[in-house]
């Protein structure tokens, strides 16, 4: 690794990319298979995160979010329902529509994953010298700012209508 004091901007960017991608897919899958709260597939985690952020979704909407057929989404939901992570609820206005909702157990798993991730990051940060932690904080804030700028330019989020006008 180069001495940051002698690296060019391009060298530093390459080294940063190497650092960001050092925890590759193989290690990520191993971590998912050995999650402290039990085995969790990436597909199931995607469903939990989608339902946690979007709220209840009709089966067709969930299939679209997952980029799978409705039959595949149904199979995924069947397995998750057997584990108590999600439930199916009929739409009150149109009983033909079935929405997939998080159960308390599913919501708890999402919160547990977030808590475990935060705890693991805290353990890593505890190993940094104060100066390194401060430099990382400055860099992470700059990266967040750059990400927000890039995403705002790529897909500006429209202002939601006020509740009263809906």
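So is residue 89 assigned to a strand (DSSP E or B), without any contact (Cβ under 8 Å) to a residue 60 or more places away in the chain and exposed (fewer than 14 other Cβ atoms within 10 Å of the Cβ) or not?
Working: assigned to a strand (DSSP E or B): yes; without any contact (Cβ under 8 Å) to a residue 60 or more places away in the chain: yes; exposed (fewer than 14 other Cβ atoms within 10 Å of the Cβ): yes.
Taking the combined requirement at face value, the residue satisfies it.
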Item checked: Cβ-Cβ under 8 Å pairs, at least 6 apart or on other chains, region 123-138 side without any contact (Cβ under 8 Å) to a residue 40 or more places away in the chain, far side surrounded by 10 or more Cβ atoms within 10 Å (Cβ to Cβ) and not in a helix (DSSP H, G or I) -> 136/128
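Among the listed residues 115, 152, identify the single one that is over 27 Å from residue 44 (Cβ atoms) and either part of a helix (DSSP H, G or I) or modelled with pLDDT under 90 (or both). Walk me through it before giving the result.
Details: 115 fails: over 27 Å from residue 44 (Cβ atoms).
Step by step, each of 115, 152 is checked, and only 152 is over 27 Å from residue 44 (Cβ atoms) and either part of a helix (DSSP H, G or I) or modelled with pLDDT under 90 (or both).
The values are calculated or read from the model by the stated rules, or taken from the named source; none is laboratory data. Not measured: the values here are computed from a predicted model. Neighbour counts run over all protein chains shown; Cβ positions are idealised from the backbone, glycine included.
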